[in-house]
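Heads up: the structure comes next, in structure tokens.
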């Protein structure tokens with residue numbers, strides 16, 4: 001527009017000069033000749049004034065943009081800030097009325113209060129000097145100076161960001177874990193300011209690596225509560241009397257057993273063992289009918305009642321054997337352990353018993369229970385007599401060991417508790433109430449590698465959660481240490497990303513506390529990164545039988561469905577709750593194709609569509625992480 005105005009003015013002046021030059025009427029030409037410079041300068045001065053005003057506005061806008069760019073960057077030195085500012089300033093001045101500026105005429109610095117200050121000097125060419133001066137000499141400069149000044153408050157809010165990183169087994173494909181480490185390091189340096197720039201506003205980040213769960217490390221007890229440990233055994237019994245030697249057994253209906261001074265009464269329950277010849281009698285429970293002080297007949301239970309035992313078709317009695325009265329009708333073993341806390345049907349493990357050593361290092365289910373005793377469904381002479389010692393480990397969710405029926409063989413299986421955690425259930429499943437009694441998060445009992453049946457396991461990942469910190473080396477060291485393992489419990493990683501920026505969890509890590517929710521003072525964000533389907537939900541601390549494909553073997557899963565349901569549904573609930581607290585949610589689906597269910601759910605989870613990313617390569621991942629970092633930096637800045 002200014003260029004067109006100039007051309008029209010010059011054209012009119014040329015026509016005027018031409019007419020006056022051809023005029024032969026005497027002194028008009030002389031007067032015009034003398035006044036021409038003044039006329040030209042007056043005519044073009046207005047154009048120059050307009051151009052200078054426009055240029056000054058363009059110059060100020062360009063410097064404002066350059067200063068804002070420097071403030072958004074991670075640079076802290078004058079040289080670094082100036083480098084960022086110049087790149088933006090040169091780009092924005094192209095096509096304007098401002099002449100190309102000299103880098104030396106631009107200064108950029110940052111005050112002690114994190115205000116980026118920029119000043120710049122520029123030049124605008126004038127029409128008066130450029131057009132009038134050649135025929136009349138150097139009366140005026142052909143450029144006029146302009147200047148601009150800009151200030152941007154670099155950090156008007158505190159920043160708390162939780163970076164939730166998928167380190168599952170699939171991240172080993174095509175070195176995705178390497179790409180993730182590279183992108184995460186760049187993001188850390190974009191978001192977290194150096195230690196000497198943490199005042200008056202701070203920027204902190206938490207990192208939450210996850211696979212089958214989140215490894216809480218030293219924070220595990222505070223998060224999921226203490227674990228019930230083994231209790232001491234003080235007694236164990238299956239027999240109510242000493243055994244009596246058998247001297248004879250007849251083949252009859254019913255057969256007669258001779259054991260001198262047996263001390264038995266009708267309807268007593270007995271266990272017979274070590275008979276030679278008539279071996280059908282061995283290791284069985286019978287009910288006796290007393291004949292006299294030395295003889296009894298036997299009755300057996302066919303499932304509907306007790307009937308006389310016909311030994312006609314048994315082998316011939318040879319020698320030996322013992323008959324012993326049982327304490328119970330089934331001859332099961334009753335174990336005494338004060339305040340054991342075990343419930344009927346609960347799995348348990350016995351160790352270290354002297355005397356009844358056949359009980360040791362085996363898994364059982366409690367058959368009958370009182371406060372200080374329980375029964376296990378085994379017994380008889382093969383268990384000998386209790387002497388001393390022993391412990392019993394409970395096996396319910398909340399104990400140091402989880403003993404359960406697996407989903408494939410339906411056999412008793414034992415997994416040790418880990419420092420990982422699983423979903424919180426109950427009223428606090430989808431909120432950020434502080435962990436504690438009644439609100440602890442779920443325990444995690446992962447499958448470890450074993451040879452029978454052959455299984456690589458699905459272990460708790462090694463890298464532990466890092467709560468909010470401004471220490472860049474701490475964050476980058478954790479990222480560098482990441483390794484891959486296990487299946488994908490993204491809902492658990494997401495939950496802990498939220499907890500890391502929630503002040504309700506400050507008691508868990510008082511040295512790494514989060515600010516209270518107040519989006520006028522602090523910007524909180526959760527960045528959820530994953531490379532696949534969420535396939536690992538839990539039931540009572542163990543991966544549930546309805547977990548998705550890729551979540552481990554059926555015999556490593558418990559025989560019950562997920563308590564909180566589908567993992568993606570859980571994530572959706574959590575995302576809604578997180579966003580309701582004005583926490584910004586970014587989602588990054590690495591190598592997840594657009595249009596898939598996973599992509600759709602991640603899109604819905606993000607605070608808006610523009611904050612859901614689907615990078616397909618390592619370069620894409622880095623670019624998207626940088627875009628997120630720049631936006632977080634931009635959102636915290638006020639001009």
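The values are calculated or read from the model by the stated rules, or taken from the named source; none is laboratory data. Note that the structure is predicted; figures quoted are calculated from it, not measured. Cβ: placed from backbone, ideal geometry, glycine included. Neighbour counts: every protein chain shown.
Taking residue 149 as meeting all but one of (1) surrounded by 19 or more Cβ atoms within 10 Å (Cβ to Cβ); (2) in the same structural domain as residue 118 (by the TED database), write down the number of the exception.
(1)
Which of the residues belonging to the stretch 221-236 are out of contact with any helix residue (DSSP H, G or I) (no Cβ under 9 Å at 6 or more places or on another chain) and more than 20 Å from residue 499 (Cα to Cα)?
228, 229, 230, 231, 232, 233, 234, 235
Which ones in the stretch 445-479 are on the phi < 0 side of the Ramachandran plot, assigned to a loop (DSSP other than H, G, I, E, B) and in contact with a helix residue (DSSP H, G or I) (Cβ under 8 Å, 6 or more places away or on another chain)?
453, 463, 465, 470, 471
Across the stretch 74-104, what is the total count of residues that are out of contact with any strand residue (DSSP E or B) (no Cβ under 9 Å at 6 or more places or on another chain) and either assigned by the TED database to the domain that holds residue 627 or in contact (Cβ under 8 Å) with a residue 12 or more places away in the chain (or both)?
Summing the residues that are out of contact with any strand residue (DSSP E or B) (no Cβ under 9 Å at 6 or more places or on another chain) and either assigned by the TED database to the domain that holds residue 627 or in contact (Cβ under 8 Å) with a residue 12 or more places away in the chain (or both) in the stretch 74-104 gives 6.
If the Cβ limit is 7 Å and pairs must be 6+ apart or interchain, which residue in the stretch 573-600 that is without any contact (Cβ under 8 Å) to a residue 40 or more places away in the chain pairs with which residue that is assigned to a helix (DSSP H, G or I)?
From the stretch 573-600, the pairs are 593/599.
So, in the stretch 488-536, how many residues would count as being part of a loop (DSSP other than H, G, I, E, B) and either outside the structural domain of residue 598 (by the TED database) or under 22 Å from residue 447 (Cα atoms) (or both)?
7
Kindly provide the set of residues from the stretch 407-442 that are surrounded by fewer than 21 Cβ atoms within 10 Å (Cβ to Cβ) and assigned to a strand (DSSP E or B), ordered by number.
Answer for the stretch 407-442, where residues must be surrounded by fewer than 21 Cβ atoms within 10 Å (Cβ to Cβ) and assigned to a strand (DSSP E or B): 412, 414, 416.
If you take the residues of the stretch 595-607 that are in a loop (DSSP other than H, G, I, E, B) and either under 17 Å from the mean Cα position of the chain (by Cα) or modelled with pLDDT under 95 (or both), which of them is surrounded by the fewest Cβ atoms within 10 Å (Cβ to Cβ)?
595
Regarding residue 562, is this residue part of a helix (DSSP H, G or I) and at negative phi?
Judged against the criteria, residue 562 is not a match.
State yes or no: is residue 343 touching a strand residue (DSSP E or B) at 6+ places or on another chain (Cβ under 7 Å), at pLDDT 95 or above, outside any strand (DSSP E or B) and under 30 Å from residue 252 (Cβ atoms)?
no
Looking at the stretch 556-593, which of its residues are farther than 23 Å from residue 425 by Cα and buried (at least 17 other Cβ atoms within 10 Å of the Cβ)?
584, 586, 587, 588, 589, 590, 591, 592
For residue 472, indicate whether it is modelled with pLDDT of 95 or more and outside the structural domain of residue 524 (by the TED database).
Here the answer is no, as residue 472 does not meet what is asked.
Determine whether residue 303 is assigned to a loop (DSSP other than H, G, I, E, B) and either touching a residue at least 24 places away in the same chain (Cβ under 8 Å) or in contact with a strand residue (DSSP E or B) (Cβ under 6 Å, 6 or more places away or on another chain) (or both).
Judged against the criteria, residue 303 is not a match.
Restricting attention to the stretch 63-102, report how many residues are part of a helix (DSSP H, G or I), out of contact with any helix residue (DSSP H, G or I) (no Cβ under 6 Å at 6 or more places or on another chain) and either surrounded by fewer than 16 Cβ atoms within 10 Å (Cβ to Cβ) or at pLDDT below 85 (or both).
9
How about the stretch 297-320: which of its residues are over 23 Å from residue 263 (Cα atoms) and within 60 Å of the chain's Cα centre (by Cα)?
Selection gives 302, 303, 304, 305.
What do you reckon, is residue 539 more than 21 Å from residue 169 (Cβ to Cβ), out of contact with any helix residue (DSSP H, G or I) (no Cβ under 9 Å at 6 or more places or on another chain) and surrounded by fewer than 21 Cβ atoms within 10 Å (Cβ to Cβ)?
no
Closer than 30 Å to residue 237 by Cα and modelled with pLDDT under 95: is that true of residue 382 in this structure?
yes
Could you grab me the full set of residues in the stretch 608-639 that are surrounded by fewer than 15 Cβ atoms within 10 Å (Cβ to Cβ) and part of a loop (DSSP other than H, G, I, E, B)?
Correct list: 608, 616, 617, 639.
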